[in-house]
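In what follows, a single structure is set out as structure tokens and then discussed.
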Amino acid sequence: MAFKTEYEFELPRGYVDDNGTLHKRGVMRLATAADEILPMRDQRVQQNPGYLTIILLTRVITNLGDLRAIDTRVVEKFFTADLAFLQNFYRQINEMEVPTVHTSCPKCEHEFDVDVSFLDEMAGA
């Protein structure tokens, strides 16, 4: 199984381009360290930290409908519901999932999931 780096999404409202065409389906790729670090040099982000979201989304959205390119002008025109959706989607695909193991109690046979994340323990070492 190949490592998945791109994820399809559908905007709740959709982006309406200058011709009135609605674009709802798109693709977002996983973010890299550069995607999160390089925009911090941008003057627009330095003047308004909230602009980081706009630049970050232009870097990770690889496809939206029939648009040839996704730039800051496109992202600035997203409806707020779509922007919130994309921010949540970004976090969802980029945050590490906590690994769990499904197991059962040997005495009562109750089934449950156990968090097997060792990151917290390693940080204290």
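Let's see how each residue does on (1) β-branched (Val, Ile, Thr); (2) outside any strand (DSSP E or B); (3) modelled with pLDDT of 95 or more; (4) more than 16 Å from LEU86 (Cα to Cα):
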| position | (1), (2), (3), (4) |
| --- | --- |
| TYR15 | no, no, yes, no |
| HIS23 | no, no, yes, no |
| GLY26 | no, no, yes, no |
| ALA31 | no, yes, yes, no |
| GLU36 | no, yes, no, no |
| GLY50 | no, yes, no, no |
| THR53 | yes, yes, yes, no |
| LEU57 | no, yes, yes, no |
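Please go through segment 45-94 and pick out each residue that is in contact with an Asp or Glu (Cβ under 7 Å, 6 or more places away or on another chain) and either crowded, with 16+ Cβ neighbours inside 10 Å or of a type in the set (Gly, Ala, Ser) (or both).
ILE54, ILE55, LEU56, THR58, ARG59, VAL60
Select, from PHE78, PHE89, the only residue that is assigned to a loop (DSSP other than H, G, I, E, B) and at pLDDT 95 or above. I'd like the intermediate steps shown before the answer.
Numbers: PHE89 fails: assigned to a loop (DSSP other than H, G, I, E, B).
Within the list PHE78, PHE89, the selection yields PHE78.
Which members of segment 1-13 meet the condition of being farther than 15 Å from ASN63 by Cβ and assigned to a loop (DSSP other than H, G, I, E, B)?
Matches in segment 1-13: MET1, ALA2, PHE3, LYS4.
The values are calculated or read from the model by the stated rules, or taken from the named source; none is laboratory data. These numbers were taken from a predicted model, which means no experiment stands behind them. Virtual Cβ from ideal backbone geometry, glycine too; neighbours counted across all protein chains shown.
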